[in-house]
């Protein structure tokens, strides 16, 4: 981190996180407010009453207090040279509260767009946090427009950094093997190709539709890889197996983050399929972590007919847009189109990653900004 000391404050998660950090970084995990005596009932009550924004406000205040206490115990000096980065609504609000008390600069990192947040104190505080930020980090101009429609503010600096990775982070190529082919003992004759949908397996990413479509498609194994640990007996997963028990393979054991490249490198074609629930989903192109990994490894993409993905594909031709993921005829046709132009599309994917998604390049202006602000 170019001369900075980085302290990461977080809460427990069932999503794999990096197990190794740089020497300049330390990580502290706090208890969730939801698990604290006296608070879990309050949060549960607010959630049941539909007051999710108020429940998040409680979580943010508790998180801020824990962060302040940890900094005091570690002897961190209060200074405007310090920088607090808060992510999204809960930790974003917590980071803003912390920065106010410690007299530090505050940066708001938007990964998930707030949608349908009712008016009231939590929304007002969230607005104040955004308006008070020294800088805002968001994925692209379309997501910025969606954010500022609901939270009009004039942040001093905006940095567009996609939800991505760096090009030089990859596993040792000499290890060989194919993660999914080895995991499921896939017959290379029956399944010469692997189609991967990585990330959360939920209705918003069309798992049922894909499972049904791939029952009628030969030569392709469909792998749904969860980012969280899930049980095969989970009713949702059991339902998917009921739909397709022949060409569908469920990968329910997430790998350590350091090994995530093995997962994406194993695919022939990647799926970036999202339902158009709201702007958070609709403007997904630069915010889709899975998409950036597909591109990095030159994996052509089967993507939803969402404006952001369509525009990206028109510019770089990284795969095919599909209208109905549950239509086996359409899916088969688009897979055939991809395989017929595979080398061309793969090269386009790598070029797209290099020009738009490489974190090292895209984040450099932000690092230069905070370095100049510190002087």
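The values are calculated or read from the model by the stated rules, or taken from the named source; none is laboratory data. Computed from a predicted model, the values in this text were never measured in an experiment. In this analysis, Cβ positions are derived from the backbone assuming ideal geometry, glycine residues included, and neighbour counts consider all displayed protein chains.
Things worth noting here:
- For residue 29, the conditions (1) loosely packed, with under 14 Cβ neighbours inside 10 Å; (2) modelled with pLDDT of 90 or more; (3) farther than 26 Å from residue 230 by Cα all hold with the exception of (3).
- Subset of the stretch 194-212 (residues that are surrounded by 19 or more Cβ atoms within 10 Å (Cβ to Cβ) and not in a helix (DSSP H, G or I)): 194, 195, 196, 197, 198, 199, 201, 206
- None of 324, 278, 242, 234 is over 16 Å from residue 208 (Cβ atoms), surrounded by fewer than 23 Cβ atoms within 10 Å (Cβ to Cβ) and out of contact with any strand residue (DSSP E or B) (no Cβ under 8 Å at 6 or more places or on another chain) except 278.
- Residue within the stretch 136-158 that is more than 30 Å from residue 99 (Cα to Cα) and either modelled with pLDDT under 95 or surrounded by 13 or more Cβ atoms within 10 Å (Cβ to Cβ) (or both) present: no
- Hits in the stretch 230-243 (condition: closer than 19 Å to residue 327 by Cα and free of Cβ contacts under 8 Å to residues at least 24 places away in the same chain): 241, 242
- Check on residue 128, assigned by TED's automatic domain parsing to the domain that holds residue 26, closer than 23 Å to residue 369 by Cα and out of contact with any helix residue (DSSP H, G or I) (no Cβ under 7 Å at 6 or more places or on another chain): yes
- Comparison of 283, 314, 330, 334 shows that the only residue that is assigned by TED's automatic domain parsing to the domain that holds residue 210, loosely packed, with under 14 Cβ neighbours inside 10 Å and on the phi < 0 side of the Ramachandran plot is 314.
- Residue in the stretch 217-229 that is part of a loop (DSSP other than H, G, I, E, B), free of Cβ contacts under 8 Å to residues at least 40 places away in the same chain and more than 17 Å from the chain's Cα centre (by Cα) present: yes
- Counting only strands (runs of 3 or more DSSP E) wholly contained in the stretch 244-361, the ones carrying 2 or more residues that are without any contact (Cβ under 8 Å) to a residue 40 or more places away in the chain, in contact with a helix residue (DSSP H, G or I) (Cβ under 7 Å, 6 or more places away or on another chain) and within 26 Å of residue 143 (Cα to Cα) occupy 319-322.
- None of 269, 299 is within 17 Å of residue 207 (Cβ to Cβ), over 16 Å from the mean Cα position of the chain (by Cα) and not assigned by TED's automatic domain parsing to the domain that holds residue 117 except 269.
- Residue within the stretch 105-125 that is in a helix (DSSP H, G or I) and free of Cβ contacts under 8 Å to residues at least 24 places away in the same chain present: yes
- Criterion violated by residue 146 - all others in (1) assigned to a helix (DSSP H, G or I); (2) closer than 30 Å to residue 261 by Cα; (3) touching a residue at least 40 places away in the same chain (Cβ under 8 Å); (4) within 22 Å of the chain's Cα centre (by Cα) satisfied: (2)
- Of the criteria (1) free of Cβ contacts under 8 Å to residues at least 24 places away in the same chain; (2) touching a strand residue (DSSP E or B) at 6+ places or on another chain (Cβ under 9 Å); (3) surrounded by 12 or more Cβ atoms within 10 Å (Cβ to Cβ), which one residue 12 fails: (3)
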